[in-house]
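Here's the structure, in structure tokens; my notes come after.
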Amino acid sequence: MGLLSKKDSKLILDPLADNNPITIQVLGICSALAITAELEASIVMSISVLFVLGIGNVVISLMRNIIPSKIRIIVQLIVVATLVIIVDLVLKAFAYELSKTLSVFVGLIITNCIIMGRFEAFALGNSPWRSFLDGIGNALGYGVILIIVGFFRELLGSGTLLGIPVLGDPIEKTGLYSLGYENNGFMLLSPMALIVVGIIIWIQRSRNKALIED
Amino acid sequence: MEHLELFFKSIFIDNMVFATFLGMCSYLAVSKKVSTAVGLGAAVIFVLAITVPLNWLLDQYILQPGALSWLGEEYASYDLSFLSFIMFIATIATMVQLVEIVVEKFSPSLYNSLGIFLPLIAVNCAILGGSLFMQSREIETLGLALNYGIGSGIGWFLAILAIAAIREKIRYSNVPPALRGLGITFIITGLMAIGFMSFGGMLTGGDEEVAPEAESAVIEVIKEDIKKEDAKLKSDLEIAENTNK
């Protein structure tokens with residue numbers, strides 16, 4: 001990357017694969033699983049987390065020298081809660097149907113461990129620009145997993161992507177359905193998200209032997 | 001009767017871990033040994049039992065649209081529900097801090113065994129999730145809110161106890177190297193979640209709203225398909241009638 005130094009671009013690229021917040025750091029799992037039945041919901045959730053984590057990291061980093069250590073969790077919670085309220089209100093105003101699908105999980109971004117985790121691990125000890133890059137990197141890593149899971153669940157579960165039928169029409173029996181293919185309704189159920197993430201972890205760890213436990 | 005129904009529903013059908021995946025981070029991190037899992041589970045039940053009713057009171061008398069009418073007529077039109085997130089999380093953080101102080105004073109041994117878990121619970125999504133679901137499902141009375149809090153906590157406790165017991169056993173099984181630890185836990189949790197869906201049949205006698213949300217996604221897809229088939233059949237019928245005339 002031209003404009004960022006080697007160290008800085010590492011901050012963005014690392015969480016995309018080797019230090020992925022969901023599959024390696026084991027953070028942010030809750031929302032990753034519950035809302036990924038539709039690709040659109042996954043994309044919107046990723047953008048929301050990008051916003052909250054990016055700006056939150058910068059704010060905490062700017063305040064890092066004046067927050068007393070004893071109340072830092074409460075200060076972090078207030079910063080995140082405010083940003084999430086903004087996201088929630090924007091969603092309710094511009095994408096009401098989607099905010100109904102996401103329901104309480106927008107609020108649960110507050111307790112999304114990635115955000116608190118990055119505040120503690122990075123923003124409290126680094127400059128605002130680097131904290132911003134770290135926030136963007138981790139949010140992108142989270143987004144990548146969400147989009148992969150959402151992609152497969154929606155494609156295999158309802159034969160659509162972003163609401164557009166891509167495998168043909170199941171009623172008219174065109175496209176793939178004319179060969180006898182049926183939608184795998186199982187994929188729309190939430191437990192399958194867990195199994196898809198398990199498979200992603202399997203693939204990731206098979207390719208990079210260093211990540212294997214025990 | 002309503003209490004018993006809500007209690008069983010929140011433990012088995014709307015199980016916090018298996019139906020809505022709340023509290024997964026600490027669920028995955030702490031489930032390596034049964035003893036630590038029991039400690040965390042007990043702490044979660046305790047905190048949920050305190051914070052859900054408290055947040056219910058907050059929601060009822062301050063946050064809901066029209067809730068402030070007890071202050072005076074002119075306040076009846078205020079809707080403070082956009083402050084829910086911040087007020088709920090503030091209550092939770094404060095209550096957890098208070099509980100930590102009280103436990104340290106009155107039962108040092110319990111405090112030592114809970115260790116780091118108690119402060120970590122403040123940011124556990126299960127706790128905030130419990131309060132948010134209580135708000136979105138519009139639980140009606142304080143007693144039901146307490147019931148919901150304890151029931152959800154017990155559901156979470158059951159889940160983490162089960163996965164900890166299983167993880168202790170599979171340490172001696174032949175799991176593929178890349179799946180060991182995190183990967184196999186995800187897959188097992190998924191299978192357990194599928195198993196818990198079987199409870200959806202309990203309590204559906206008579207009450208329409210008791211059907212679990214997990215199934216409604218599939219039902220919606222089937223309904224859409226049926227509607228489309230219906231529309232197509234109708235149009236085919238019209239075409240047939242028109243050509244016959």
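Read-outs throughout are calculated quantities, based only on the coordinates presented, and are distinct from any laboratory measurement. Nothing here was measured: the structure is a model prediction, and the numbers come from that model. Ideal geometry is used to build each Cβ from the backbone, glycine not excepted, and the neighbour counts take in all protein chains shown.
Figures for the structure shown
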{"read-out": "Rounded, prolate or oblate (a/c below 1.5 giving rounded, otherwise prolate when a/b exceeds b/c) for the protein assembly as shown by Cα gyration tensor", "value": "rounded"}
{"read-out": "Mean Kyte hydropathy of -0.5 or more with a Cα span along the axis of at least 24 Å, helices from DSSP in chain B", "value": "B:34-58, B:84-106, B:142-170"}
{"read-out": "Lysines whose Cα lies under 28 Å from that of B:Lys234, excluding same-chain neighbours fewer than 8 positions away", "value": "A:Lys173, B:Lys223, B:Lys245"}
{"read-out": "Extension gain, B:Leu191 back to B:Ala240 (0.36 nm per residue minus Cα-Cα distance, nm)", "value": "12.7 nm"}
{"read-out": "Total charge dipole magnitude, the protein assembly as shown, about the Cα centre, Cβ charges on Lys, Arg, Asp, Glu only, Debye to nearest 20", "value": "2240 debye"}
{"read-out": "Listed residue (A:Asn65, A:Gly159, B:Met95) projecting farthest to the positive dipole end of the protein assembly as shown, Cβ model", "value": "A:Asn65"}
{"read-out": "Ranked list, fewest to most other Cβ atoms within 10 Å of each Cβ, for B:Tyr148, A:Tyr96, B:Tyr78", "value": "A:Tyr96, B:Tyr78, B:Tyr148"}
{"read-out": "With Cα atoms, 0 to 90° folded angle of helix A:191-207 axis to chain A main axis", "value": "70 degrees"}
{"read-out": "Selection from A:Val87, A:Gln204, A:Ala123 lying farthest towards where the dipole of region A:58-214 points positive, charges on Cβ", "value": "A:Ala123"}
{"read-out": "Shape call, chain A: gyration tensor on alpha carbons, a/c limit 1.5", "value": "prolate"}
{"read-out": "Least to most buried among B:Glu74, A:Glu172 (fewest other Cβ within 10 Å first)", "value": "B:Glu74, A:Glu172"}
{"read-out": "Long-range amide H partners of A:Leu161 with built H, under 5 Å", "value": "A:Val166"}
{"read-out": "Overall form of chain B per C-alpha gyration tensor (a/c, 1.5; a/b vs b/c)", "value": "oblate"}
{"read-out": "Residue of A:Glu154, A:Glu120, A:Glu182 that the Gaussian network model of chain A assigns the largest fluctuation, springs spanning Cα pairs under 10 Å", "value": "A:Glu182"}
{"read-out": "Exceeding the 32 Å Cα-Cα cut-off - candidates A:Lys100/B:Lys169; B:Lys9/B:Lys33; A:Lys70/A:Lys100; A:Lys70/A:Lys92; A:Lys100/B:Lys232", "value": "A:Lys100/B:Lys169; A:Lys70/A:Lys100; A:Lys70/A:Lys92"}
{"read-out": "Neighbour-count ranking [beta-carbon atoms within 10 angstrom, fewest first] of B:Met24, B:Met197", "value": "B:Met197, B:Met24"}
